[in-house]
Each structure stands twice: as structure tokens, then as C-alpha cells.
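The values are calculated or read from the model by the stated rules, or taken from the named source; none is laboratory data. Everything numeric here is computed off the predicted structure, so don't read it as measured data. Every residue, glycine among them, receives a Cβ derived from its backbone with ideal geometry; neighbour counts consider all protein chains shown. Note: accessible area is taken over every heavy atom of the protein model, side chains too, but ligands, DNA and RNA are not part of it. Shrake-Rupley method; radii C 1.70, N 1.55, O 1.52, S 1.80 Å.
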Amino acid sequence: MKTVSIYSSKGGVGKTATAVNLAYAASVSGQRTLLCDMDSQGAASYYFRIKAKKKFNSEKLLDGDIAKNIRGTDFVHLDLLPAHFSFRNLDLALNELSRKKRRQALARLFAPLAEDYDILILDCPPNLTLLSENIIEAADILVCPVIPTTLSLIALEQLLKLFIKLDADKNKIIAFFSMVERRKSMHLAIMDKYSKYSLFLKTSIPFLAEIEKMGILRQPVGATARQSPAARQYEKLWQEVMQRSVRA
């Protein structure tokens, strides 16, 4: 099972749209895919019209009570572990574990799912905490969406520093430009400057109305408009993520 974390410490960069659409692209390719909504706001769960069971919470998650709380979506090969509002306290719960166990907690929890899924995608909340450290440890590949702006680049720099602090393998970090508006000269200038670095994928995701409409239609863009520019770009992005993950 390949674990792909969609992560940035900055909010509003398109993490959930990325997670949802990459999970859909993976499932369409025939891979058994589980999307895990780690964000207490539950945006990914909302897109798939799925709510967590009432008795499911952060405590049950860390106890390993995962399999029976996974829900099927409307799409073949794609399941979802929905978020719960109590996930906002995951850092506190992780901190109560022994020092040896706390950073590897998520990796251990998801390991038993390897026989049932080919791909595990984590939609991660925007923070720099113990949960972030778990997300890094659990990931085979970590995908960071970057809007071509200064603050978004700073968030990427913070992530790189966190990898150094944790002595984690920086080869598993990849980034791509998200919510790109080519009419903005700053976006073009930043992309021109940073695209040459191997950290960045060649595929970028433009700022498009059809991606924003996911909140209304509550489906991946490929499910409503398979041949749309947004759907094609997410498919290309997924293919490139998989190509890079082989090298990671």
C-alpha cells in the first residue's frame, strides 16, 4: 500500500480538492483507494456526502478502530474514512502516548489496511504539530500544494525545515503549483523561478470555477466533467505523483 499525504501548513492552498481528485483519479485507474479525512473540518467527507458514525472519534481512531468505520463512496474502488470533529484534539491524544510510539502512531494504525488497499491518501489539516510529524512518518510520498505566492512558499520552506528537524527523507517531498492564475504576473514570475527545481512537479492546477463548484456538486471534478481541463490536470498530476513515488 502506497501512502500519499496531501499536506501544507498553510490553509487555503487546495489540499482537500487535491486529495479528493487524486483519490478519484487513483480509483478510476483501478487501484483500490482509501481517502482518509484527517481534518476535523471534514471537507473531504462533505464532498462525498459522508458523515462519521456517532461513536467514532479521535480516541477510537488511535485505538485502531478503523476498518469498521470506513465507508464506501458512490465510486468503484474508492472508500473513505470520514473525519470527526474530535480530530481537532488529535495532537493532545498523540502527546499522551509514550515518546517512542507517538511519532509512529498513524503509520502503525494504517499498516493493517495494506491488504485491502493499494493507495491510502491522507487529507491533512494545516498545522505544524505532532500530528504533522505523524503525517510525515506515515507518508511514502508527501504532496504539498503551493499557490505561487510568497506566503505559500514560506509554508513549503517550513515543511522542509521540519523534515530536517525530524531527520526524515526529503526525497519523499514533492510540490506542485496550485490555484494558478496565469493573468497574474506574480504567479508567472514565481513559477518561472521555482519550476526549475526538481522538488516541483511539471503539472500545475489552474484556478478554475469547476473546482470551486465541487462544494455545490459534492463530487470530484472528474465525476461530473471527465474531459474538463480541471479533470485532465488532476489525472496528469496523479500520474506524475505515481512516477515520482517510484523514485522516492
Extreme residue, nearest to P125 (Cα to Cα), among residues of the stretch 69-91 that are modelled with pLDDT under 90 and open to solvent by 90 Å² or more (accessible area, probe 1.4 Å):
R88
I need the full set of residues from the stretch 29-51 which are within 16 Å of M214 (Cβ to Cβ) and of a type outside the set (K, R), in order please.
L35, D37, D39, Q41, G42, A43, A44, S45, Y46, Y47, F48, I50
Take the residues in the stretch 212-221 that are touching a residue at least 60 places away in the same chain (Cβ under 8 Å) and within 17 Å of S178 (Cα to Cα), then tell me which one is nearest to the chain's Cα centre (by Cα).
P220
Counting only residues that are open to solvent by 10 Å² or more (accessible area, probe 1.4 Å) and within 17 Å of P125 (Cα to Cα), the stretch 4-51 contains a total of 15
For the condition modelled with pLDDT of 85 or more, closer than 24 Å to E133 by Cβ and among the small types (G, A, S), what is the one hit in S58, S45?
S45
Filter the stretch 138-184 for residues that are at positive phi and in contact with a Gly (Cβ under 6 Å, 6 or more places away or on another chain) and give the result.
M179
Could you tell me whether the stretch 203-211 includes any residue that is aromatic (F, W, Y) and open to solvent by 40 Å² or more (accessible area, probe 1.4 Å)?
yes
Return the only residue of A139, A114 being among the small types (G, A, S) and over 22 Å from Q158 (Cβ atoms).
A114
Hey, does the stretch 226-240 have a residue that's at pLDDT 95 or above, farther than 24 Å from N127 by Cβ, assigned to a loop (DSSP other than H, G, I, E, B) and touching a strand residue (DSSP E or B) at 6+ places or on another chain (Cβ under 9 Å)?
no
Residues being in contact with a strand residue (DSSP E or B) (Cβ under 8 Å, 6 or more places away or on another chain), assigned to a helix (DSSP H, G or I) and of a type in the set (G, A, S): count how many of those fall in the stretch 192-225.
0
Meets criteria (farther than 30 Å from M242 by Cβ and either in contact with a helix residue (DSSP H, G or I) (Cβ under 6 Å, 6 or more places away or on another chain) or modelled with pLDDT of 80 or more (or both)) for K100
no
Scan the stretch 198-211 residue by residue and report those that are farther than 21 Å from A26 by Cα and within 19 Å of the chain's Cα centre (by Cα).
L199, F207
Do we find a residue being in contact with a Ser or Thr (Cβ under 8 Å, 6 or more places away or on another chain) and closer than 18 Å to Q239 by Cβ anywhere in the stretch 82-95?
no
Residue selected from the stretch 141-189 under the condition assigned to a loop (DSSP other than H, G, I, E, B) and of a type in the set (S, T, N, Q), by the criterion surrounded by the most Cβ atoms within 10 Å (Cβ to Cβ)
S178
